[in-house]
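These notes are about the structure you will find just below.
FYI, it's all coordinate maths here, none of it is from the lab. Since the structure is predicted, the reported quantities are computational estimates derived from the model, not experimental observations. Using ideal geometry, Cβ is built from the backbone for each residue, glycine included, and neighbour counts are taken over all protein chains shown.
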Amino acid sequence: MNQTTADYEEMLRKKTTEEGEYFLSGHGLCAGCAEPIIVRHILQVAGPNTIVVNATGCLEVSSSGFPNTAWAVPWIHVAFENAAAVASGVDAALKALGKREGVNIIAMAGDGGTFDIGFQALSGMLERGHRVLYVVLDNEAYMNTGIQRSSATPWGASTTTTPPGKKSLGESRDKKPIAAIVAAHDVPYVATASVAFIPDLRKKVQKALSVDGPSFLHVFSPCPTGWYFPSDMTIEMARLAVETGVFVLWEVENGDFNNLRVTRKIKNRKPVIEYLKLQRRFRHIVKNPELVEKIQKMVDEKCQRYGVDAD
Amino acid sequence: MKDVIKGNFATAVAAKLARVNVVPAYPITPSTLFPEQISEFIANGEMDAELVLVESEHSAMSAAIGASAVGARVATATASQGLELMHEMLFIASGMRLPIVMAVGNRALSAPINIWCDHQDTISARDSGWMQFYAENNQEALDLMLMAFKIAEDRRVLLPAMVGLDAFVLTHTIEPVDIPEQEKVDEFLPPYKPLYTLDPQRPMTFGSFGTPAHYMEFKKSQTDAMERARGVIDEVFSQFKEMFGREYNQVTPFMTDDADIIIVSMGSMSGTVREAVREMRKEGKKVGLLKITTLRPFPGKKIVELTGHARAIAVMDRNISPGFGGAVFGEISAAFINRERRPKIYDYIVGLGGRDIVLEDIRHIVESTEKKISDPSAEPVEWVNVHPEEVIE
């Protein structure tokens with residue numbers, strides 16, 4: 001072993017066994033990106049006996065440039081639309097080889113790879129009951145290809161394929177309720193989480209990894225590059241999304257919507273304008289009080305449905 | 001043990017004999033009997049494997065990739081549209097050097113939708129980095145599947161392999177097959193020992209991002225492995241012959257030594273050609289047959305050696321690349337490039353979408369080739385047994 005390799009091995013040992021870190025520095029994600037924070041915490045909770053299956057996307061491309069890697073756990077990337085199917089194969093093989101015990105399988109994908117192109121594979125994995133935690137890192141558009149809308153893009157948002165103009169107000173559809181759709185598969189555990197509420201996120205990861213079957217975490221992941229806000233405001237943006245009711249933190253077990261639990265109820269919910277005005281993707285909306293009011297109504301309706309407001 | 005079985009059953013038995021660990025599968029005609037049979041083996045306790053009944057062929061190959069990366073021996077089966085749906089994954093399986101083995105019931109591609117035999121599906125996947133074998137009969141389907149594991153898993157190779165068997169003609173036709181004993185197969189094919197696996201004890205990154213600084217080296221390494229496969233295939237074929245008594249070759253000649261015209265064929269039609277050659281030989285026609293078993297790696301040198309002396313080669317292509325001709329014709333022509341002496345090479349498009357290929361067709365091919373040899377302006381590509389009145393402008 002030459003000196004460089006020895007240094008590296010020592011660094012890796014310290015980082016992992018002493019500090020419990022499994023997503024390491026040196027990746028190329030943007031300054032202010034929420035994803036590495038989320039992934040770091042997920043892996044801190046999951047620990048070393050974890051296999052990560054990563055769909056193509058920002059996280060994958062920025063963490064695995066050969067010959068480097070930011071991953072201190074076994075990690076596999078195959079393609080964009082199939083993290084759930086690859087994870088299914090990993091699950092089956094571990095079982096077949098008698099190595100399944102004590103190993104976490106975590107699939108990670110962006111909103112495009114989950115809400116859109118990976119949706120069928122995800123549904124299949126859920127239905128077949130694979131014991132996999134599937135995490136969607138939702139930054140509300142195809143950021144890796146340059147900010148195109150996905151079905152996770154919220155109403156009114158400007159993206160490179162939903163530009164506002166004389167005949168357009170930006171994205172014309174509201175966000176697909178992915179976590180609810182997943183929960184409708186009657187899987188053991190489904191939750192939403194946010195980079196601004198790390199203890200809540202960690203608790204949910206723990207819960208998700210403890211169930212015997214598929215689990216799903218929808219994690220809100222603000223993107224300074226695609227939403228156009230300063231890169232030191234990521235956590236603030238995620239917090240505002242929850243405090244305005246734009247993103248609701250909840251969990252459901254075994255598809256039992258009657259016992260859906262809002263894990264962060266909001267007292268004195270803030271008006272959505274406070275969230276919208278900080279992001280240039282909503283600039284054309286913010287200028288028009290009627291459009292802001294429309295979003296406020298959509299959010300109010302959702303908050304009522306979920307019971308977000310604290311007494 | 002001799003048994004009378006369908007081609008699909010033969011491939012499923014091969015997977016069982018190979019002690020496959022994981023079978024991700026999705027039903028498609030004419031390969032559906034494969035997952036059905038594997039399910040039955042597992043249900044009866046005859047086979048100990050994880051069956052993953054996925055929601056598409058794309059997911060079947062995705063799951064196969066995940067399972068193989070963990071170190072499992074993996075097999076699946078598909079055909080036609082299913083192979084096309086997994087097309088993207090084929091390149092990833094080979095690029096990640098995962099020795100997955102797949103039976104393909106060779107079936108025509110839509111449109112128009114058609115469930116019968118031709119080779120368009122696997123031919124369209126021949127650049128995917130998979131080794132490709134074509135079976136002439138059900139015995140070959142079983143044997144080639146078994147050998148495919150051994151070749152694919154060889155550390156000099158580490159590439160996936162597909163075994164083509166003609167839709168219905170083989171997949172659904174009952175033929176006598178010698179099923180090898182489990183103990184002998186175990187001796188021939190020990191458990192798969194992967195080089196690298198997804199293992200928390202030894203974390204590794206699989207499927208990383210290859211920039212222009214590294215991508216070509218990955219592809220060159222993969223291509224070199226395919227080149228090395230040539231020798232490994234010959235080795236495994238001869239080991240197989242020693243243990244099981246049946247001989248395989250990448251290309252197999254029949255009455256070619258003194259032949260003026262050599263017909264090149266692939267798959268089940270080779271049996272028909274052999275019969276036609278026998279008949280025509282009785283009439284004094286110097287014809288022969290060269291059967292291709294291995295299309296990837298392409299045995300170009302062997303083909304040149306075995307056919308170079310003929311006046312003409314008549315390639316029977318059960319596929320069509322519109323705007324070019326048949327694929328095998330193109331490859332054989334390329335094999336003769338830069339050779340000073342070479343036979344004339346003609347292409348015959350036959351049997352698309354399950355159109356029968358009969359003795360008269362072979363006779364026609366030989367007669368047409370005889371005429372073309374002395375006509376420098378002859379069209380090299382000809383469609384056989386097409387009804388002109390139904391061909392629209």
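Overview of values
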quantity: Against the rule of thumb 2.2 N^0.38 Å, how large the Cα Rg of chain A comes out; calculated: 1.00
quantity: Rounded to 5, percent antiparallel among DSSP beta bridges of the range B:286-393; calculated: 10
quantity: Principal axis box of the range B:2-244, alpha-carbon based, largest edge first, Å; calculated: 53, 46, 34
quantity: Kirkwood hydrodynamic radius of the protein assembly as shown, from inverse mean 1/r over distinct Cα pairs, in Å; calculated: 27.8
quantity: Order of B:Ile151, A:Ile117 - criterion: other Cβ atoms within 10 Å of each residue's Cβ, fewest first; calculated: A:Ile117, B:Ile151
quantity: Calculated diffusion of the range A:258-299, Stokes-Einstein form, Kirkwood radius summed over Cα pairs, 20 °C and 1.002 mPa s, µm²/s; calculated: 182
quantity: Environment charge at B:Met280 (Cβ cut-off 9 Å; Lys +1, Arg +1, Asp -1, Glu -1); calculated: +4
quantity: Residue mean of other protein chain beta carbons inside 10 Å, B:207-218; calculated: 4
quantity: DSSP beta bridges in the protein assembly as shown [antiparallel fraction, %, rounded to 5]; calculated: 25
quantity: Ellipsoid equivalent to the range B:251-390 - semi-axes via the Cα gyration tensor, in Å; calculated: 20, 18, 16
quantity: Dipole in debye (nearest 20) - the protein assembly as shown, about Cα centre, beta carbon charges: Lys, Arg +1; Asp, Glu -1; calculated: 1940
quantity: Size of charge dipole - the range B:251-390 - debye, nearest 20, with Cβ of Lys, Arg +1 and Asp, Glu -1, no other charges; calculated: 640
quantity: FRET efficiency estimate (nearest 0.05) - Cβ-Cβ, B:Lys241 to B:Gln201, R0 51 angstrom; calculated: 0.80
quantity: Extent along principal axes [Cα atoms of the range B:63-162; Å; largest to smallest]; calculated: 41, 30, 20
quantity: Quotient of C-alpha Rg and 2.2 N^0.38 Å, computed over the range B:347-393; calculated: 1.24
quantity: Residues B:His87 and B:Arg156, FRET efficiency given R0 of 30 Å [Cβ-Cβ distance, rounded to 0.05]; calculated: 0.70
quantity: Label-to-label distance, nm, for residues given as B:Glu389 and A:His185 (7 Å Cα→Cβ offset); calculated: 5.5
quantity: Estimated inter-spin distance, A:Val211 and A:Arg100, nm [label 7 Å along Cα→Cβ]; calculated: 1.8
quantity: Rounded FRET efficiency, nearest 0.05, which uses the C-beta distance separating B:Thr211 from B:Asp257 and R0 of 56 Å; calculated: 0.60
quantity: Candidates A:Glu18, A:Glu60, A:Glu253, ranked by Gaussian network fluctuation over chain A, Cα under 10 Å, top entry; calculated: A:Glu18
quantity: Chain A: most fluctuating residue of A:Lys207, A:Lys277, A:Lys267 per GNM, C-alpha cutoff 10 Å; calculated: A:Lys267
quantity: Ellipticity estimate at 222 nm from DSSP helix runs (n ≥ 4, -39,500 (n - 2.57)) divided over chain B, nearest 500; calculated: -12000 deg cm²/dmol
quantity: Partners for B:Lys344 among lysines (Cα-Cα distance below 16 Å; same-chain residues under 8 apart left out); calculated: B:Lys286, B:Lys371, B:Lys372
quantity: Most mobile of B:Ala259, B:Ala213, B:Ala225 in a GNM of chain B (Cα contacts under 10 Å); calculated: B:Ala213
quantity: Part-to-part distance (alpha-carbon centres) for the range B:185-237 and the range B:162-181, which is given in Å; calculated: 28
quantity: Solvent-free Debye scattering, log10 I(q)/I(0), computed from the Cα coordinates of the range B:309-369 at q = 0.15, 0.24 Å⁻¹; calculated: -0.49, -1.04
quantity: Alpha-carbon centroid distance for the pair the range A:101-156 / the range B:95-139, whole angstrom; calculated: 31
quantity: For the range B:130-169, the Rg and Dmax computed from alpha carbons only, in angstrom; calculated: 10.6, 35
quantity: Net charge over other residues, Cβ less than 15 angstrom from the Cβ of A:Leu278 (K, R count +1; D, E count -1); calculated: +2
quantity: Net charge over other residues, Cβ less than 11 angstrom from the Cβ of A:Ala157 (K, R count +1; D, E count -1); calculated: +3
quantity: Cα centroid separation - the range B:1-29 against the range A:10-88, whole Å; calculated: 38
quantity: Order of B:Phe34, A:Phe119, A:Phe220, B:Phe324 - criterion: other Cβ atoms within 10 Å of each residue's Cβ, fewest first; calculated: B:Phe324, A:Phe119, A:Phe220, B:Phe34
quantity: Least to most buried among A:Leu169, B:Leu295 (fewest other Cβ within 10 Å first); calculated: A:Leu169, B:Leu295
quantity: Cβ neighbours within 10 Å from other chains - mean over A:58-68; calculated: 4
quantity: Within the range B:2-244, percent of DSSP bridges classed antiparallel, to nearest 5; calculated: 20
quantity: Within straight-line cross-link reach of B:Lys6, lysines at Cα separation under 27 Å, skipping those fewer than 8 residues along the same chain; calculated: B:Lys16, B:Lys150, B:Lys184, B:Lys241, B:Lys291
